[in-house]
Structures are given as C-alpha cells and as structure tokens.
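The values are calculated or read from the model by the stated rules, or taken from the named source; none is laboratory data. Note that the coordinates shown come from a computational prediction; the quantities given were computed from them, not determined experimentally. Positions of Cβ are generated from backbone atoms using ideal geometry, with glycine treated the same way; all protein chains shown enter the neighbour counts. Calculation scope for accessible area: heavy atoms of the full protein, side chains included, ligands and nucleic acids excluded. Shrake-Rupley method; radii C 1.70, N 1.55, O 1.52, S 1.80 Å.
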Amino acid sequence: LARKLGRSRSTVQYRLQELLDRKVIKIVPVHNPVAAGYKMGVLIGLKVLPTRVKAIAEEVAAVPEVRNVIIFAGRYDIVLGAVFADTDKLSDFFMNRLSAVEGISVVDTMVALKMVKASFTAMTADELPQADISIPGLDALDLMIIHELQSDPQRPQSEIARKLDASETTVRRRLKRLLDEGIIRIVAIADPRALGYNVRAMIGIKTQPGMIDAVAEKLASYANVHYALLTTGSYDLVAWVVFRDAEELSSFIRKEVGSIDGIAAYESMLTLKVVKDLLSYPTKTL
C-alpha cells in the first residue's frame, strides 16, 4: 500500500490504525456459505404491527441463521436475509421460530437463486450451529481457522496455531489455500455513513421475459449498487444501493433504473434502520 500510494510505511500503518480505531473501516474475513454447509439463502419480507417493528426486528436478529435485519419504509416493514443448510431447516424456521413471533401480519419469502454482486460488511460468529461441510478437502482445522479469523481478523497466525494446537506452518499453508481457492477473502469494509453515504435503499425489480440476466448485469455495473441478487417470489431481482442523499437516490431511480431495457416494474424501499448486518456464515462447532 505504501509503495502504491507513494507514502511511507509508517504513515500508512498510522492512518490504517486510525481508520480502524474510528470504526471507519473493518478488516474482516469473508467466506463462502457453501463451505459452511449452507445451501439455501432467502430474503423474507415482513409486514408487522406498527408498535412491534423494533421488537420484532430485534427478536429475529437473535436467530444465528439470520444474517441481516433491516427496517424499511415501503412494501415491507422489515426485510431479513438468512441462510439454511436445507429445506427442512428453512421449514423449521418458519414453523417454530417465525410463527411464534407476535405481531407479524404478512410473510413474503424470496429464495436466492444467484448472487450477481455482493458488497461486504463486518462479520462475527457468536453461535456455531451444526452444518455439513460441502466443499471437498475442507476439514475441521480449516473451519476452526475461519472461526478464529471471524473472532479477530487481525489475529497473528502464530496465535491461531497455538490456540488450535497446530504448527504455524500448517496454519499458514491452510490459510493460503483458503485464500487461493476463494473460500475466504480478507477485505476492508468501509462504513458508508463515515464516507458521507447517508441514504440506503432496497430496490425490487420485475423483469420482462428472457431479460433477467441482462438487467442483472446492467445493475451490477453501477458503483452505487452494492448488492444484487436473483430471487424467486415478488421480485426477479433485488438490489441494495447507497447514496449521499435522497436527491441522488431519486436521480438514480428515475434516470438509471427507469431507463434499463428489460425492466417491467420496480419499487424502492428506503432503509430506516439497520438492526443486523453480517456477512459471515456460522461455522460448524468442531
């Protein structure tokens, strides 16, 4: 970084630490959910009683498989993103967890078909539900290394080795493989608000027949689109966007989204509050 930016190493180290201390950025490991045994991703839109919005958001956020909970103004009061090992786990969530939450009037489920684009946010691993390992060659030690990095992304490899009772050479080799094969990535995540992006929204899109891939590719080309997903259900595509103010969002929707060939209908929902926003996927307890 110092060479690329034409600055001294000490200056870059100082500035980076300052950004971390002020929570402008976070250095986090991001890993593939398939590696942790999660084969199903869903978006769930909820309409709830006005007096229960905050309480319900906090209640569903406590579920480990629920990785994102956002309060919106628009079609849904709350949208949550979750991952499950299989359809049985998804069914159990609806029948035994979501159905027990008081105040929900409408539940709209959209199964994720394909990730078109993804931005990254801070990740933690407070609970580790059981999950099958789905990538050949991935074993207990690999998952424990991932978990240790989730707990502290800047933890030295020597410390991880001591905690896992493995040699530092083994940990270094395993971590290199995880990085080389794209199972995890170490990324720096910036807080949009710290950079002046104060408006976030979700845009649901219905496309014309045969145009979903073209629309998805066009959406992914916009820098302000940080997350785009092909889904079943109410929308063919769902995109999350960030802008500096409401005027920029309005201009993007009118001039950009409104002019994309192949869009049949779209609607936007303004983010009011982010209750939970993680990109980690619970690793198996081993």
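Some observations on this one:
- Residue 213 open to solvent by 30 Å² or more (accessible area, probe 1.4 Å), in contact with a Lys or Arg (Cβ under 8 Å, 6 or more places away or on another chain), farther than 20 Å from residue 273 by Cβ and not β-branched (Val, Ile, Thr): no
- Under the condition of being open to solvent by 20 Å² or more (accessible area, probe 1.4 Å) and either among the acidic types (Asp, Glu) or more than 18 Å from the chain's Cα centre (by Cα) (or both), the residues counted in the range 54-64 number 4.
- Complete set of residues in the range 65-96 that are surrounded by fewer than 16 Cβ atoms within 10 Å (Cβ to Cβ) and farther than 20 Å from residue 235 by Cβ: 86, 87, 88, 91, 92, 95, 96
- Subset of the range 55-92 [in a helix (DSSP H, G or I) and not hydrophobic (A, V, I, L, M, F, W, C)]: 58, 59, 87, 88, 89, 91, 92
- Tally of residues being among the acidic types (Asp, Glu) and touching a residue at least 40 places away in the same chain (Cβ under 8 Å) across the range 230-250: 2
- Condition check for residue 247: modelled with pLDDT of 90 or more, part of a strand (DSSP E or B) and loosely packed, with under 15 Cβ neighbours inside 10 Å: no
- Meets criteria (assigned to a loop (DSSP other than H, G, I, E, B), over 20 Å from residue 201 (Cα atoms), touching a residue at least 24 places away in the same chain (Cβ under 8 Å) and more than 22 Å from the chain's Cα centre (by Cα)) for residue 101: yes
- One residue stands out in the range 212-242 among those that are hydroxyl-bearing (Ser, Thr, Tyr) and part of a loop (DSSP other than H, G, I, E, B): the one that is farthest from residue 267 (Cα to Cα), namely 221.
- When each of 180, 132 is tested for being out of contact with any strand residue (DSSP E or B) (no Cβ under 8 Å at 6 or more places or on another chain), of a type in the set (D, E, K, R), open to solvent by 60 Å² or more (accessible area, probe 1.4 Å) and at pLDDT below 80, the lone residue that passes is 132.
- Of all residues in the range 192-206, those satisfying the criterion of being in contact with a strand residue (DSSP E or B) (Cβ under 7 Å, 6 or more places away or on another chain) and either open to solvent by 20 Å² or more (accessible area, probe 1.4 Å) or part of a loop (DSSP other than H, G, I, E, B) (or both) are 192, 197, 199, 200, 206.
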